[in-house]
Structure formats: C-alpha cells, structure tokens
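See structure below.
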Amino acid sequence: MMAVGKYETHVKPKLLLIEAWARDGLTDEDIAKNLDVGVSTFHAYKKDHPELVESLKRSKDEADIKVENALYKRALGYEYEEVTQEPLYNPITGEPILDESGDPKIAVTKIVRKMVNPDTTAQIFWLKNRRPAAWRDKQDIEHSGQMTNNINMTGLSTEELRALAKAKSSTT
C-alpha cells in the first residue's frame, strides 16, 4: 500500500479554494498557512505540481487585471446609479406589505445618477508606472560641454578665506 502525501490530502482537493485565495490577494505564505503546510513545502509543491502553479497564476492574473481596471476607472472618473429601496406600507394600517414568503415588499423609491471625479493620485500612480521615463520623480539629465565655477572672493575677510582654503584642502 502506497502512502499518500500531504499534497494529495491537504492541497490537491483545495485547488479551487487556493485559486480563490490567490484571487483575493493572499500571498504564498498566507496560502501555505491556510493549508497547514510550511512555506518551503508549498514552494516545493509548486515545483513538483504544474496544476498548482497554473491555478495560482490564473487567479493572480485575474486579480491583477481587476485591480488595473479599477485603477484605470478611478483615474478617469466614472458615473454610477445609486438606487434607494424602501419597504412598502399599507396606507390605511401603516403595516408593512408582505410578499409570499412573509418578508416586507421592497420598492425602488429613487434612482440618482452620481459622478465620481477623476482621482489625481490614481493618475500619477498610473503614469509613473506606465510611462516612467516621462513621469518618475527623479529625472536623469545629461549635460555636454564645460561647466565653469566663478567664485567672487572680493569682500571676504581673512578668516573667511582661511576657512574656504581649509574646507578645500580637506575635500581633496
């Protein structure tokens, strides 16, 4: 009789759940903990079981795409409808009107179209990551030619001149 490994008992039956965890943003460490296996063991399972790697990749890609879409939408702004629903009441008795299952009947009382303004923070984040050469904080500027440094020392006292000379000699 062949011994069944922990992968077969703790991981393989939960591939769909593992996909959901990865889609929800859990790290490999979180997933390993949820499966009650060590992180190094989980990484070994990924090397030995391509179905696990594919399951993780598929769900993480899906989560990344959803976040990218949400960031893009937030950067540009969007419109949505806010729907207000309230229970229906009998106008004579004031009692709630119930449906067949005994729950209060609900009616849409108001639909309001709202606008979420574009978010400059989302725009900056998007541009810094998508167009780093143009949008990163630090710009690399090349200069060709000579640079001269003309320092006017007229009007300096003897002490100031000595301090400058001492500073210059300590840097060279």
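How much net charge surrounds residue 62 when only other residues with a Cβ under 13 Å from its Cβ are counted (Lys, Arg +1; Asp, Glu -1)?
Values: positive: 23, 57, 58, 60, 66; negative: 19, 24, 54, 61, 64, 68.
For residues surrounding residue 62, the net value is -1.
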Whichever aspartates and glutamates have a C-alpha closer than 19 Å to that of residue 110, once near sequence neighbours (fewer than 8 apart) are set aside | 79, 81, 82, 86
Take 151, 97, 92, 124 and sort them by solvent-accessible surface of the protein heavy atoms, 1.4 Å probe, largest at the top.
-> 92, 151, 124, 97
Rounded to the nearest 10 Å², the accessible area of residue 93 at probe 1.4 Å | 90 Å²
Given charges of +1 on the Cβ of Lys and Arg and -1 on the Cβ of Asp and Glu, with all other atoms neutral, how large is the dipole of the chain about its Cα centre, in debye to the nearest 20?
-> 980 debye
Cα centroid of segment 18-41 to Cα centroid of segment 106-150, whole Å = 34 Å
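What is the percent carbon and sulfur in the accessible area of segment 1-131, measuring with a 1.4 Å probe over the protein chains and ignoring ligands?
Here it works out to 54 percent.
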Taking +1 at the Cβ of each Lys and Arg and -1 at the Cβ of each Asp and Glu, which of 76, 133, 38 sits farthest along the dipole of the chain towards its positive end, judged by Cα position relative to the Cα centre?
-> 133
Which label marks the calculated value of mean projected area of the Cα convex hull in nm², given the options (i) 26.7; (ii) 10.2; (iii) 29.0?
-> (iii)
Considering Cα pairs under 8 angstrom that are at least six residues apart, work out the relative contact order of the chain and quote it in whole percent.
-> 16 percent
Given the rule -39500 (n - 2.57) for each run of at least 4 DSSP H residues, summed and divided by the residues of the chain, what is its mean residue ellipticity at 222 nm, to the nearest 500 deg cm²/dmol?
-> -15000 deg cm²/dmol
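Under 11 Å from the Cβ of residue 28, count the other residues' Cβ atoms, weight Lys and Arg +1, Asp and Glu -1, and hand me the total.
+1
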Net charge (Lys, Arg +1; Asp, Glu -1) of residues whose beta-carbon lies under 15 Å from that of residue 166, residue 166 excluded, is 0
Measuring with a 1.4 Å probe in the full set of protein chains, what accessible area per residue, in whole Å², belongs to segment 12-140?
-> 74 Å²
Order by protection proxy (mean Cβ within 10 Å, highest first), peptides 14-26, 98-110 | 14-26, 98-110
Considering the dipole of the chain built from charges on the beta carbon (Lys and Arg +1, Asp and Glu -1) around the Cα centre, which of 10, 167, 92 is farthest to its positive end?
-> 167
Candidate cut points under trypsin sites (Lys or Arg not before Pro) in segment 130-172, DSSP loop plus at most 11 other Cβ atoms within 10 Å of their own Cβ, are 138
Looking only at lysines whose Cα falls under 20 Å of residue 138's and that sit 8 or more positions away or on another chain, we get 128
Quote the accessible area belonging to residue 153 in square angstrom, nearest 10, computed with a 1.4 Å probe and with ligands, DNA and RNA left uncounted.
-> 100 Å²
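The values are calculated or read from the model by the stated rules, or taken from the named source; none is laboratory data. Treat the numbers as computed from the prediction; the structure is a model and nothing was measured. For neighbour counting, all protein chains shown are included, and Cβ atoms are generated from backbone atoms with ideal geometry for every residue, glycine included. Areas reflect the complete protein model, heavy atoms only, side chains present, ligands, DNA and RNA absent. Shrake-Rupley method; radii C 1.70, N 1.55, O 1.52, S 1.80 Å.
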